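Every number here is computed from the coordinates shown, using simple stated rules; none is lab data. Everything numeric in this text was worked out from a predicted model, so none of it was measured. Positions of Cβ are generated from backbone atoms using ideal geometry, with glycine treated the same way; all protein chains shown enter the neighbour counts.
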Amino acid sequence: MKKIFIGAKIKNEPDYEKIKEIVNKKITEKKIAVCYSNQFIEVAKKISDKLNKKVVQTIQILGCSNPHFSKEVEAILLIGQGKFHSVSIAYESKLPTYILENETIEKISEKEVQKMEQKEKGMYLKYLHSEKIGILVTNKPGQQRLKNALRYLKSLKEKKGYIFISNDLNTKEFENFQINCWVNTACPRMDLTDGEIINLEKLQRLEKLNSR
């Protein structure tokens, strides 16, 4: 079946001069990366051209994306709605991260980043003490990582792993299975919304750090 993806855009354009003033005032760093969700692609381009800063990168952010930033980048400006992406980007990049929403700008606080770090450490400890591991796999295009899940399953030695494949993963269904901890191979942002899930890439990174 052929699929056509049509990008959605915001209806009302913001006051670019006002945004320029706010961004230049709030963000003290000189070299930045501009990130945006799909509906703000045109806004991101126009803002990037108006700022009195060097825009090193412009990157579209998806729920399942894991952006990598240039070493030149000193701060990140996310144009979008809500903190779903911005807090995780701040945590993963370790860079000052700002979110621009409705012509206002907010910096992601260290407290928010630390909260995510503590949550991840808590899930890692739970994983270490778990015997039965549920490995989450989605069959959605762009998020399906079955090969990664199978490799991880084969690597398990002292734990029992079970692969769960679904188009839509409903965390409310988890209680129907006798699983101690869930490892996610699908959307890398899923662990931000549920305290019972740890992302496979983050898990492998933590294992490397603890093996040194």
(message) Show log10 I(q)/I(0) for the stretch 16-108 at q = 0.15, 0.16, 0.23 Å⁻¹, two decimals, from a solvent-free Debye sum over equal Cα scatterers.
(response) -0.47, -0.54, -1.24
(message) If I take R0 = 25 Å and measure r between the Cβ atoms of Phe174 and Glu103 in this structure, what FRET efficiency does the formula 1/(1 + (r/R0)^6) give, to the nearest 0.05?
(response) 0.05
(message) Suppose we flag GluC sites (Glu not before Pro) only when DSSP calls them loop and at most 12 other Cβ atoms lie within 10 Å. Which is the longest uninterrupted stretch of the chain?
(response) 1-71
(request) Provide the FRET efficiency to the nearest 0.05 for the Lys111-Glu21 pair, computing r from the beta carbons and using R0 = 30 Å. (result) 0.65
(message) Contact order normalised by length for the chain, with contacts defined as Cα pairs under 8 Å and 6 or more residues apart; what percent is it?
(response) 16
(request) Determine the principal axes of the Cα atoms in the stretch 47-204, then give the extent along each, sorted from largest to smallest and rounded to whole angstroms. (result) 55, 32, 29
(message) Binning at 10 angstrom from zero up to the longest distance, how are the C-alpha pair distances of the stretch 116-211 distributed in percent?
(response) 16, 55, 28, 1
(request) Inverting the mean 1/r over all pairs of different Cα atoms, compute the Kirkwood radius of the stretch 92-143 and quote it in Å. (result) 14.5
(request) List, in the order given, every pair from Lys94/Lys119; Lys126/Lys154; Lys107/Lys202; Lys26/Lys121; Lys53/Lys107; Lys154/Lys202 whose Cα-Cα distance in the structure shown is over 22 Å. (result) Lys107/Lys202; Lys26/Lys121
(message) Below 19 Å, Cα to Cα, which aspartates and glutamates can Lys30 reach? Residues fewer than 8 away in the same chain don't count.
(response) Glu17, Glu21, Asp49, Glu72, Glu74, Glu106
(message) On C-alpha positions alone, give me the angle between the axis of helix 110-128 and the longest principal axis of the chain, in degrees, nearest 10.
(response) 10
(message) Suppose every Lys and Arg Cβ carries +1 and every Asp and Glu Cβ carries -1, with no other charges. What dipole size does the chain come out with about its Cα centre, to the nearest 20 debye?
(response) 680
